[in-house]
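Working notes for the structure below.
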Amino acid sequence: MEKTLPNNLKFFLTIVLIFLIGILLFLANNKASEYVILILNLMAINIIFSVSLTLINGITGIFSLGHAGFIAIGAYVSTLLTLSVSQKEMTFLIKPLIYPLNQIQLPFLPATLIAGLVAAGFGYIVAAPSLRLIGDYLAIATLGLGETIRIIANNAWSITNGALGLKAIPPYTNIYWSWGWAFVTVLVISSLVKSSYGRALKAIREDPIAAKAMGINVFSHQVVSFVLGSLFAGVGGALWAHLITTIDPKSFAFSKTFEILIMAVLGGLGSISGAIIGASIYTVGLEFLRVLESPFKIGFISFPGIPGMRMVVLSVLLIVLMLFWQRGIMGRKELSWDSVYALVAKRLKKRGGNDE
């Protein structure tokens with residue numbers, strides 16, 4: 001029987017870990033370059049995207065391909081709420097912004113919360129009809145609905161400013177906002193997964209018919225999961241918009257969902273810990289691969305930079321991953337203090353045996 005750590009020690013270690021991460025983020029915010037801070041912000045936002053999609057796709061088993069649509073809703077709603085009235089007048093030149101959005105300006109926190117709630121509302125509207133489908137039909141439906149949101153954003157000039165998009169967005173997103181929301185996302189979703197409700201979601205993922213026979217309301221559980229994932233996608237969209245400070249409909253094409261899917265699959269589709277690891281590796285790896293898009297040398301051989309080459313490399317890596325390592329880094333396992341303790345104990349035991 002494997003030994004486990006006492007719950008009070010796990011709680012203490014968790015608090016210490018959070019404290020250490022907080023110190024590192026504080027030091028980074030005050031000492032690191034703007035580029036490093038940007039990467040850290042993107043990493044936190046990608047964690048929000050990856051964990052929220054993992055709840056829908058990995059935990060509940062809903063094959064959704066429309067995540068970018070909810071990110072777009074969060075980005076546009078928060079931007080329209082935080083832009084000043086004078087900025088809106090200068091931005092919406094072709095068609096004026098509709099009332100009352102043209103007269104409203106809110107602080108960042110309530111704007112982010114409203115953005116998440118609006119995305120959750122649209123998530124319910126999407127989930128109610130589409131979750132009655134199964135398999136490939138469900139994936140096609142969510143993909144189509146996600147693209148519908150993008151097309152509406154491209155044509156609703158009096159709300160989104162159409163293809164021109166929104167610029168000069170206040171740069172409110174910083175390390176504290178992005179990592180604070182990442183912590184809230186992980187805490188809420190991991191707590192849900194560990195609860196009886198989360199066990200019901202996993203049962204639905206494994207066999208919806210058996211879960212229904214056990215008395216689980218499959219449809220309502222799937223809707224709640226989809227809505228919660230959409231809520232955090234909207235929050236992440238708000239943070240992303242106020243980090244890059246300019247958005248347009250092209251920012252939310254299917255490739256955005258594809259990127260998030262890479263993160264989730266890389267870490268292990270079905271693991272919250274895997275989603276965090278996958279998002280972190282993807283964010284850092286994408287920056288390292290940027291060298292492929294500019295001229296570089298290996299020894300005496302020169303290579304011309306090819307725009308978009310890093311996404312090609314990532315796509316190839318995803319194909320290789322799906323062929324040879326389908327469960328990803330974590331599979332469906334979660335990183336816990338017990339697993340860390342067991343790993344350390346195993347290493348120490350092995351080292352002791354070698355010393356003898």
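Values in this text are rule-based calculations from the coordinates and carry no lab data. Not measured: the values here are computed from a predicted model. Here the Cβ is made from the backbone with ideal geometry for all residues, glycine too, and neighbour counts use every protein chain on show.
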Checklist outcome for this item: Reported set for the stretch 71-110 where residues are touching a Leu at 6+ places or on another chain (Cβ under 8 Å), closer than 30 Å to A141 by Cβ and touching a residue at least 40 places away in the same chain (Cβ under 8 Å) is Y76, T79, L80, L101
Checklist entry - Within the group A213, A156, A233, which residue is in contact with a Gly (Cβ under 8 Å, 6 or more places away or on another chain), on the phi < 0 side of the Ramachandran plot, among the hydrophobic types (A, V, I, L, M, F, W, C) and surrounded by fewer than 17 Cβ atoms within 10 Å (Cβ to Cβ)? => result A156
Checklist entry - Is it true that Y176 is among the aromatic types (F, W, Y) and surrounded by fewer than 16 Cβ atoms within 10 Å (Cβ to Cβ)? => result yes
Item to check | Pairs where the first residue, in the stretch 316-332, is in contact (Cβ under 8 Å) with a residue 40 or more places away in the chain and closer than 15 Å to L269 by Cα and the second is surrounded by 15 or more Cβ atoms within 10 Å (Cβ to Cβ) and not small (G, A, S), C-beta under 6 Å, 6+ apart | outcome: L318/I262; G328/V265; G328/L266; I329/I277
Next on the checklist: Quick test for you: out of I281, I272, I276, pick the one residue that is touching a residue at least 12 places away in the same chain (Cβ under 8 Å), over 20 Å from E147 (Cα atoms) and surrounded by fewer than 21 Cβ atoms within 10 Å (Cβ to Cβ).
Outcome noted: I281
Item to check | Odd one out for S64 among (1) in a helix (DSSP H, G or I); (2) under 14 Å from F232 (Cβ atoms) | outcome: (1)
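Tell me which residues, restricted to the stretch 194-207, are touching a residue at least 24 places away in the same chain (Cβ under 8 Å) and within 13 Å of G61 (Cα to Cα).
Step one: list which residues in the stretch 194-207 are touching a residue at least 24 places away in the same chain (Cβ under 8 Å), which gives 197-198, 201-202, 204-206.
Within the stretch 194-207, G198, L201, K202, I204, R205, E206 meet the criteria.
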Item to check | the stretch 144-179 - residue that is of a type in the set (A, V, I, L, M, F, W, C) and not in a helix (DSSP H, G or I) and, of those, nearest to L65 (Cα to Cα) | outcome: A156
